[in-house]
Number of protein chains: 2
Amino acid sequence: MKHSPPDPSLLSLNTATVREKWNLEQMIEGCARRGIRGISPWRDKLEALGAKEAAARFRGAGLTVTGLCRGGMFPAADRKGRAAAIADNLRAIDDAATIEARCLVLVVGGLPPGSKDLAGAREMVRDGIGEVLDHARSAGVALAIEPLHPMYAADRACVNTLAQALDLCDELDRGASGALGVAVDVYHVWWDPALERQIERAGEKRILAFHICDWLVPTTDLLLDRGMMGDGVIDLPLIRSWVEAAGYRGFHEVEIMSARNWWRKDPDEVLATCKERHQRFC
Amino acid sequence: MKHSPPDPSLLSLNTATVREKWNLEQMIEGCARRGIRGISPWRDKLEALGAKEAAARFRGAGLTVTGLCRGGMFPAADRKGRAAAIADNLRAIDDAATIEARCLVLVVGGLPPGSKDLAGAREMVRDGIGEVLDHARSAGVALAIEPLHPMYAADRACVNTLAQALDLCDELDRGASGALGVAVDVYHVWWDPALERQIERAGEKRILAFHICDWLVPTTDLLLDRGMMGDGVIDLPLIRSWVEAAGYRGFHEVEIMSARNWWRKDPDEVLATCKERHQRFC
């Protein structure tokens with residue numbers, strides 16, 4: 001099936017894509033220069049500038065903040081560790097409110113050190129989200145559970161399918177109030193035989209973010225070898241058609257962690273490539 | 001929960017574990033020396049010795065052949081490629097019959113070169129298995145679909161969950177005749193939130209093989225960095241308890257592809273470690 005190119009104004013820059021060479025000010029300037037209208041900062045970049053100062057600059061540049069990366073990392077070996085995770089998530093929610101982010105992305109965390117109790121880690125994730133959800137509601141910040149690729153189940157996120165993330169949403173926010181949803185990142189979910197059905201199940205109330213990049217063949221590193229759109233095997237227009245059919249009208253956020261390729265290039269050229277590939281391959 | 005150690009006589013050696021330093025004769029001798037009662041050869045090792053000769057030696061050593069690795073690889077860019085894949089699977093079935101393997105393991109294949117059509121590849125897999133199933137029935141060889149970890153969806157197997165494999169079984173062998181089932185490899189499925197339920201669904205009629213190893217943290221290579229049982233994060237006794245609860249009474253086949261560690265060691269020591277770890281960690 002032939003799909004029309006996406007609306008170019010829906011492109012958003014996740015700061016992980018150019019994190020090695022630019023600070024947040026440079027990214028904001030880069031987006032302005034390239035006509036990119038959305039941005040999604042990681043917290044290291046946000047903290048370097050300060051959330052209030054960043055908020056002012058985002059507004060000044062007319063940028064929509066499509067997300068803040070990231071909260072989560074709930075499982076911990078002991079009560080103290082879990083409390084520290086909660087405190088950190090509350091701070092992240094406040095920062096997300098300050099910069100008026102469309103959502104706080106939750107990378108929920110994997111197994112605590114030394115643990116093999118995957119079911120237990122998943123319970124800690126559910127309890128952790130449950131503990132911070134009221135604060136998020138009060139702050140007007142939507143929480144977006146990001147299911148991560150199963151290859152990260154041990155060390156980054158034990159929520160690994162969209163179905164599992166949506167089950168959590170249903171359990172914690174039965175009425176689909178808008179306070180809790182999912183971030184659909186093609187890199188993590190493209191392989192899932194249930195993807196189309198689960199995107200439909202999510203619907204526009206639950207889809208809070210849509211992240212794009214590509215899966216390279218071969219992939220040489222589990223974490224830092226993501227591909228630019230068009231360089232891999234993901235049928236991006238097809239997945240976009242599914243999120244649009246579900247009612248999603250938000251941004252398409254480019255998040256590429258690429259130590260061997262894109263991180264080494266001139267970030268301004270990377271932004272130009274993102275724009276061009278967004279039109280050609282998404 | 002505390003589980004009892006497994007029956008040591010259920011340990012089986014998948015030849016991938018020691019493939020770098022030993023030929024099949026040496027593996028058979030090694031199993032005899034270490035009291036290992038099962039073996040599962042890959043086809044490269046089998047062809048080097050010849051299937052008939054290998055069959056005689058397996059019998060002579062009192063070895064149960066717990067599987068033949070592997071058939072599959074059905075998707076191809078054109079009709080000729082798909083026909084070649086079918087022909088190769090028919091040969092694999094004959095070899096599996098010759099060595100009286102409990103099953104022929106199917107690593108079903110990923111996307112054809114240049115393709116992004118994952119649904120199409122999955123159809124080719126279904127059609128391919130459908131085409132060889134009658135021959136397998138006649139030969140008395142059970143076909144075991146092995147769902148592979150989602151990180152292999154592009155290049156090795158586009159069947160990536162046990163649920164998906166069982167859906168294929170139900171479609172192609174509705175009556176659960178014994179001709180078609182699954183190979184449950186902990187490395188590929190340990191992360192799956194639906195694992196316990198799907199193992200129960202599979203039941204003893206569909207579970208044709210059970211493969212063990214471990215998931216290392218960190219994992220440094222997508223293909224060749226599997227861990228020895230006990231060195232990673234998989235709760236092996238728990239998963240074994242699920243397959244046993246489903247009625248499975250077969251072997252526990254150790255399959256470890258480990259270029260940086262176990263492939264470099266003396267294979268006889270590797271076998272000793274497998275035996276010890278099987279008792280301590282499985």
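Throughout, read-outs are computed from the coordinates displayed, never taken from laboratory work. It should be emphasised that the depicted structure is a prediction, and the values quoted were computed from it without experimental measurement. Note: ideal-geometry Cβ built from the backbone for every residue, glycine included; neighbour counts use all protein chains shown.
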About the Cα centre of segment B:67-171, what is the dipole size in debye to 20, counting +1 per Lys and Arg Cβ and -1 per Asp and Glu Cβ, all else neutral?
-> 220
Run the dipole for segment A:131-191 about the Cα centre, Lys and Arg Cβ at +1, Asp and Glu Cβ at -1, nothing else charged, and hand back the magnitude in debye, nearest 20.
-> 100
Cα gyration tensor shape of segment B:100-241, rounded if a/c is under 1.5, else prolate or oblate by comparing a/b with b/c | oblate
So for R0 = 45 Å, FRET eff. of residue A:53-residue A:80 from the Cβ-Cβ r, to 0.05, ends up at 0.90
Inter-copy label distances at residue B:224, 7 Å along the Cα→beta-carbon direction, one decimal in nm, shortest first?
-> 2.2
Length gain on complete extension for the stretch residue A:20 to residue A:88, per 0.36 nm per residue less the alpha carbon to alpha carbon distance?
-> 22.1 nm
Towards the positive end of the charge dipole of the protein assembly as shown, with charges on Cβ (+1 Lys, Arg; -1 Asp, Glu), say which of B:237, A:18, B:210 has the farthest Cα.
-> A:18
Where trypsin sites (Lys or Arg not before Pro) fall in DSSP loop in segment A:121-229, at most 15 other Cβ within 10 Å = A:174
R0 of 25 Å, Cβ-Cβ distance residue A:172-residue B:196: FRET efficiency to nearest 0.05 = 0.65
Copies of residue A:7 compared via label points 7 Å along Cα→Cβ give distances in nm, shortest first, of 6.4
Could you run the Karplus curve 6.51 cos²θ - 1.76 cosθ + 1.60 with θ = phi - 60° over segment B:48-64 and give me ³J(HN,Hα) per residue in whole Hz, x for Gly and Pro?
-> 4, 9, x, 5, 5, 4, 4, 4, 4, 5, 4, 4, x, 8, x, 8, 7
Using the number of other C-beta atoms within 10 angstrom as an exposure proxy, rank B:281, B:210 with the fewest first.
-> B:281, B:210
Calculate the tail of P(r) for chain A: the fraction of all Cα-Cα distances greater than 35 Å, expressed in %.
-> 10
Inter-copy label distances at residue B:29, 7 Å along the Cα→beta-carbon direction, one decimal in nm, shortest first?
-> 7.1
What is the Cα centroid distance between segment B:16-80 and segment A:1-63, reported in whole angstrom?
-> 54
Efficiency of FRET between residue A:119 and residue B:223 - r from beta-carbon atoms, R0 30 angstrom, step 0.05 = 0.60
Using a simple charge model, +1 on the beta-carbon of Lys and Arg, -1 on the beta-carbon of Asp and Glu, nothing else, what dipole does chain B show about its Cα centre, in debye to the nearest 20?
-> 380
Neighbour-count ranking for B:274, B:69 (other C-beta within 10 angstrom, fewest to most) reads B:274, B:69
Too long for a 24 Å Cα-Cα cut-off, among B:52/B:80; B:45/B:275; A:116/B:275; A:21/A:275, are B:52/B:80
Please pull out the direction-averaged projected area of the protein assembly as shown, using the convex hull of its alpha-carbon atoms, in nm² to one decimal place.
-> 25.2
